[in-house]
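Bear in mind that the values in this text are calculations on the coordinates, not laboratory data. The structure presented is a predicted model; accordingly, all values stated were derived computationally and were not measured. FYI the Cβ positions are ideal-geometry reconstructions off the backbone, even for glycines, and counts take in every protein chain you see.
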Amino acid sequence: MPSLFKSVFAALAACFLAVPAFSQARDVVVSDPIQIEVRQGICPIKIQSNDSALGGLVQKALSLHGAVDMRTGGNVPVVRIERNGDSLVASCKIFSQDIVVTGSSNAAALLLCDKILAALGKPWNWDLKPIFSKTKLAFAAGTGANSEIYVTENLLFKGTRKVTSHGSRSLMPHWNPAGTQILYTTYFKSGAADVFMLNLANGQSKSFAAYKNTNTGGAFSPDGKTVALALSARGPMNIYLAPASGGKARLLVKDNDTSTSPSFSPDGKTVVFTSGTAGAPRLYTVPVSGGKKQRISIPGFGYATEPAWNPVFPSKIAFCYNRAGKMAVAVYDTKTKQAFDVGALTGTRRYSHPVWCADGRHIVVTEEIGKSTGLALVDTGNPKKAKFSRIGISSLKGCCDPDTLILK
């Protein structure tokens, strides 16, 4: 091993042995470039493999994570990926032991990626939770008045398939917690916005909410028994709750404001949603049992919409905001009563519709760059060095409205 490589690992070892927690390690004064990245919550690595397809998949996945800086050269830790019979093996000098995953499928490779992340973070007490093997996506794709609903098995879009064929505008899919059904808004039946339920086992869709005027939403409660909807059956768009098995929707919030985008709290007891006038929407909460809505006051964010409650860290809510006509994403913490922006505002990029991934750290958003619309993975765990990565399939145009299914 070259002497410089030895010195790097010696310095890294001294750093994490002397400082037990990452928050403390950030305060240690060092000059080595790799240690500087480590103190910023980033671990530089490079991938080597005896299988180009496997190595490429692992490298593609890990390069999406904000805690990893993928290198092709330099004196950085090398993660060696190998196929060994019916197993996948990852080894690295900073791992406490080799990582072995049984199987050779894409699912096995993504499980290997999650185990590599955990092993990379362990020396510095970073709790890097599973993301790639535990997150599935549903989304809409298409152009103009013709869009359909798609599902994909993972964030690398392996196993992507179209699940509706209405030849009309279908959008805003929402998984049920079991991953067996999807609610979505479509115009194909009546020409107006109605909510339909799709059974993924047989591919059959049926009407779920087709009240007078506009029907949208379809967010499931954590137990899968209740659905939150935004309906304009009585005039103003208001939040309703309905049994997931079907039945009459119950008005949850009754006022003359326009209310949309409901999202359940992880315990299922509260709904957060957007409400207010067209030019100044805010975030509000209301108990599922009913009552008066309560505004979430977010310092520095006068315009807030499309909330998504974090299922892993219940104190966090992702939302969209608008400043001077530019849309971006932020995260509000109900404990600290503060919010932080996770994307720099630019003139050409707009971000909307955030949903959380299985690790409670990354979100998937709709990303608009000029006239191009697609999906992006965003790391919220390192606000000062947030990573935005476009994900998807180049042949699918106009991808938008993501929803994530978190696998147990």
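Structure data summary
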item: Within a Gaussian network of the chain (alpha carbon springs, distance under 10 Å), most fluctuating of 326, 371, 337; result: 371
item: Max mean-square fluctuation residue, GNM over the chain, Cα-Cα springs under 10 Å, options 135, 102, 274; result: 102
item: Prolate/oblate/rounded label for the stretch 154-249 (Cα gyration tensor, a/c 1.5); result: oblate
item: Under 14 Å, Cβ to Cβ, from residue 361 - net charge with Lys/Arg +1 and Asp/Glu -1; result: 0
item: Nearest-0.05 FRET efficiency for residue 384 and residue 303, computed from C-beta distance (R0 25 Å); result: 0.60
item: Among 387, 225, 136: highest mean-square fluctuation, GNM of the chain, C-alpha pairs under 10 Å; result: 225
item: Fewest-first sequence of 148, 367 by Cβ atoms within 10 Å of each Cβ; result: 148, 367
item: Rg ratio (alpha-carbon, reference 2.2 N^0.38 Å) - the chain; result: 1.04
item: Environment charge of residue 312, counting only residues whose C-beta is closer than 15 Å and scoring Lys/Arg +1, Asp/Glu -1; result: 0
item: Label zone at residue 234, where the point sits 7 Å out along the Cα-to-Cβ direction: the stretch 247-274 residues whose backbone N lies under 16 Å; result: 248-260
item: Residue-span extension gain [residue 333 to residue 87] - 0.36 nm each, minus C-alpha spacing; result: 84.5 nm
item: Spin-label model distance (nm) - residue 202 vs residue 269, 7 Å beyond Cα toward Cβ; result: 3.9
item: Gyration tensor verdict on the stretch 345-408 (Cα atoms; rounded if a/c is under 1.5, prolate if a/b is larger than b/c, oblate otherwise); result: oblate
item: Difference of contour (0.36 nm per residue) and Cα-Cα distance, residue 52 to residue 146; result: 30.0 nm
item: Nitroxide proxy distance, nm - points 7 Å out along Cα→Cβ at residue 255 and residue 225; result: 2.9
item: Spatial separation of Cα centroids for the stretch 162-227 and the stretch 59-100, in angstrom; result: 40
item: Estimated distance in nm for a label pair at residue 98 and residue 212, the labels positioned 7 Å out from Cα along Cα-to-Cβ; result: 7.0
